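Participant: Encoded as structure tokens, here's the structure I'll be asking about.
The values are calculated or read from the model by the stated rules, or taken from the named source; none is laboratory data. Please read all numbers here as calculations on a predicted model, not as lab measurements. Cβ placement follows ideal geometry from the backbone for every residue including glycine, while neighbour counts extend to all protein chains displayed. Heavy atoms of the whole protein, side chains included, go into the accessibility calculation; ligands, DNA and RNA do not. Shrake-Rupley method; radii C 1.70, N 1.55, O 1.52, S 1.80 Å.
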Amino acid sequence: MATSWSLAPLIEQRAREHPERPLAVVGERTWSYGHVETQASSLAAALSELGLGAGDRIAVNLPNGIEWIVALLAAAKLGAVVVPVSPQLSSIDLRYQLRHAEASAVVTIEQWGGVDFLQRFEDLLGDLPDLQYVVTVGDEDLWYDDRIFQYEDLVSSGVGRPVPALASSDDALDLAVVYTSGTMGKPKGVRLSHQALVENAVRTAEVLELSPEDRVLAAVPFFASFGFSMMVGTMAAGATLVLQPTFDAAEAFGLLVSQRVTVLHGVPTQFHLLMREEAFDPSRLRTVRTGIIAGSSVSEELVRRVRRWCDALVAYGLTETGPTVTITRLGDSDDRRVGSVGRALPGVEVMAVDIMTGALHGPEAVGELAVRGSNLMRGYLRMPTETAKVHTPEGFFLTGDLGIIDEDGYVKILGRRQETISRGGIQLYPRELEDRLRAHPAVDDVCVIGVPHDVLGEQICACIVPVEGAVITGSEIKRFAQETMAAYKIPDLVRFLDVFPMTGSGKIRRRELSRAIALDHTVSQSG
């Protein structure tokens, strides 16, 4: 049992124990624990020479790759704080996050997704007074600038140099500031300690029974708390990461087969897309034993489909909770495996809070889920008022999610508190309606939202992505709903879409969808 949850010493130990064991596979190349550890020490020494150290914030603007892992470990060695940012952010959002985080340095890809990040950062440097250094990953010949360095050059310059010892305990330092995805409002910088992230990742890996022999497909982006935790947990177990820089279903299937992947993590959308892929053939996935479905609401029907070829677990968590709060177990009953998000990890408490009174509930009562434990964030960066709003006097974090906890501690999610639809004075939970509608054979995915209405307050709108090639009408959806749910739960409106607006981490942008549907509905009504 680990006595310290500090990231750098933990991975150093893995490298000492088995230096030749593969830590990561990238395309045709394999990186061993020993090699990655050496590179991380070299990069840490070079960054220290530039004056970066404990408490400094180092942003990472990279797709999943070996440089992401090395940058994280190098920062951890220095006691610096990693700020993961998505390469998919707009220039405005990138500027906001880096300025808000007061990042001293950024490790960035040079070209990605059609964006020239060298040019973008040249444009941004004048707006970011705290940003001293840009470290670039790529093959470009750089112009001379004393603030811009190539990653490979820095790693080479640090070879053999000592890494300064930390003056303070890692327990006093943040490991990361992770920005929320902003699905329900503006992104916030979540301060997470070494213990919050590392212990949580290790506990989650233990539930998966992860061993050094496992090969884990890393297709969930590392800038999201789910992907970050999966990366840390895999390394802590001494297992191998099979890296996919960005998710592509056809390529992911190829990697699962060719790399003999044993563990597959993903958000529901990724599992949907994988199983829709033309080449998808479960009989070729004999090595895949388990994994985690998490990141957004998971339907019972999806869990059943996935479990036919991968004995996946369902987890629930948030950026603010490190992230895992609850997870199903391999030995749970089928009902609990598909109908719940499991029970709390060791050291984590989950309660339901009465929305009206704030009282902590016992079992079998609906309430806002509240979490307490070593996995909790230290607060929102530079936002003490927002931090206070989401904590109870007893030290519980209020998740904003509505759920019910049974007598054995198993949790069922009903939806977001802010997503609750009030139709004619009756509170409805979108998650329940979505689960029912997904049972229709022509429905591939569904998102239920509230649309403003003069009389009812809100109407129920079912936004549906149909199965490819399916012929389906709104009237058929409503008839199906009449057969399976109470009259007051039947959608008033049905809208068909090709895709949902998504965040970079694979969650539906409900507010964006709601605004678009409400505007369209208003226009059609006035027309």
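Participant: Could you work out the longest stretch of the chain that avoids the GluC sites (Glu not before Pro) located in DSSP loops with at most 14 other Cβ atoms within 10 Å? Don't jump to the answer; show the numbers that get you there.
Facilitator: Numbers: sites that count: E20, E28, E140, E209, E213, E278, E364, E394, E407, E468.
The segment 29-139 is the longest one with no such site.
Participant: Suppose R0 equals 25 Å. What FRET efficiency, 1/(1 + (r/R0)^6) with r the Cβ-Cβ distance, do S422 and M383 give to the nearest 0.05? Don't skip to the answer; put the middle values down first.
Facilitator: Details: r = 29 Å, r/R0 = 1.14.
After rounding to 0.05, the efficiency reads 0.30.
Participant: For D123 paired with M275, estimate the spin-label separation in nm (one decimal), with each label point 7 Å from Cα along the Cα-to-Cβ line.
Facilitator: Placing both labels 7 Å along Cα→Cβ, they lie 4.1 nm apart.
Participant: Restricting to the chain, what percent of DSSP beta bridges are antiparallel, rounded to 5?
Facilitator: 60
Participant: Could you state the accessible area per residue of the stretch 451-513 in Å², with a 1.4 Å probe and every protein chain left in place? Please list the in-between numbers first.
Facilitator: Details: 3310 Å² over 63 residues.
That works out to 52 Å² for each residue.
Participant: Between V257 and E476, what FRET efficiency follows from the Cβ-Cβ distance if R0 is 45 Å, with the result rounded to 0.05? Walk me through the intermediate numbers first.
Facilitator: Values: r = 38 Å, r/R0 = 0.84.
Step by step, r from the Cβ atoms, then E = 0.75.
Participant: Let me ask something additional. What is the pair-distance distribution P(r) of the chain, computed from all Cα-Cα distances in 10 Å bins starting at 0, with each bin given as a whole percent?
Facilitator: Reading the bins upward from 0: 4, 18, 29, 27, 16, 6, 1, 0.
Participant: How large is Rg over Rh for the stretch 292-399, taking Rg from the Cα atoms and Rh as the Kirkwood inverse mean of 1/r across Cα pairs? Intermediate values should be presented prior to the final figure.
Facilitator: Values: Rg = 15.3 Å, Rh = 15.0 Å.
Here the Rg-to-Rh quotient is 1.02.
Participant: For the stretch 327-389, which whole-number percentage of the solvent-accessible area (1.4 Å probe, protein heavy atoms only) is attributable to carbon and sulfur atoms?
Facilitator: Numbers: 1590 of 2960 Å².
Roughly 54 percent of what the probe reaches on the stretch 327-389 is carbon or sulfur.
Participant: How many Å² of accessible area per residue for the stretch 111-262, probe 1.4 Å? Intermediate results must be reported in sequence, preceding the final value.
Facilitator: Numbers: 6180 Å² over 152 residues.
About 41 Å² of surface per residue is accessible.
Participant: Between T484 and R99, what is the spin-label point distance in nm, taking each point 7 Å from the Cα along the Cα→C-beta axis?
Facilitator: 4.7
Participant: While we're looking at this one, here's another question. Hey, can you find the accessible area per residue of the stretch 322-419 for me, probe 1.4 Å, expressed in square angstrom?
Facilitator: Numbers: 4260 Å² over 98 residues.
So the stretch 322-419 comes to 44 Å² accessible per residue, rounded to a whole number.
Participant: Take D520 and I92, extend 7 Å from each Cα along the Cα→Cβ direction, and tell me the distance between the two endpoints in nm.
Facilitator: 2.3
Participant: Right, here's the next one. For the chain, take the longest principal axis of its alpha carbons; what is the angle in degrees between that and the long axis of helix 474-484, to the nearest 10 within 0 to 90?
Facilitator: Compared with the principal axis, the helix lies near 80 degrees.
Participant: What range in the chain is the longest one free of chymotrypsin sites (Phe, Trp or Tyr not before Pro) that are in a loop by DSSP and have at most 11 other Cβ atoms within 10 angstrom? Please report the intermediate quantities before stating the final value.
Facilitator: Values: sites that count: W143, Y144.
With chymotrypsin sites (Phe, Trp or Tyr not before Pro) excluded where exposed in loops, the chain gives 145-527 as its longest stretch.
Participant: Pull up the cross-link candidates among the lysines for K389, meaning alpha carbon to alpha carbon under 18 Å and not fewer than 8 places away within one chain.
Facilitator: Excluding near neighbours in sequence, the set is K186, K188.
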